[in-house]
Amino acid sequence: MGSVLCVTRNGEGGIRAQKEAIRIAKNRGNPLVFLYIADSSFLNKLAAPIVVDIKDILVSMGRFILLAANERASAEGVKARSIVRYGVWRDELLDLVSEIDPTTIIIGHLTGGPSCIEKAEREKLLISIRE
């Protein structure tokens with residue numbers, strides 16, 4: 001049985017994605033995995049000590065966001081696993097997808113509803129992320 005992978009972040013778009021992932025996992029009886037990627041690559045031109053401090057802050061924020069996501073899932077009777085990764089967003093997502101081989105990937109957007117990518121469409125998504 002494949003899992004539902006929800007790539008999430010803070011804010012309304014992230015919460016909408018979490019709720020959709022919970023709904024799908026519950027309806028299908030699939031395992032649910034929440035992923036937060038702490039990506040500080042936008043800071044690459046700054047001094048190294050600042051980046052180290054930011055890394056710790058981003059990882060801690062990710063843990064907190066996933067704690068809230070897990071509470072939402074639990075309230076709906078869905079058990080979820082949380083993963084925080086640190087690195088470049090696309091690289092970390094591609095690595096985890098190859099590790100857990102999810103049936104469905106949910107990605108939140110700043111506006112509108114989350115994207116729901118089924119396994120049949122996943123390769124197109126992964127190719128576009130690699131590019």
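What follows is calculated from the coordinates using simple rules that are stated; it is not laboratory data. Bear in mind the structure is a predicted one, so any value in this text is a computation, not a measurement. Ideal geometry is used to build each Cβ from the backbone, glycine not excepted, and the neighbour counts take in all protein chains shown.
How far apart, in nm, are the 7 Å Cα→Cβ label points at residue 98 and residue 27?
Output for this residue pair reads 3.2 nm.
Sequence-distant or interchain residues sharing an amide H contact under 5 Å with residue 10, placed H: which?
none
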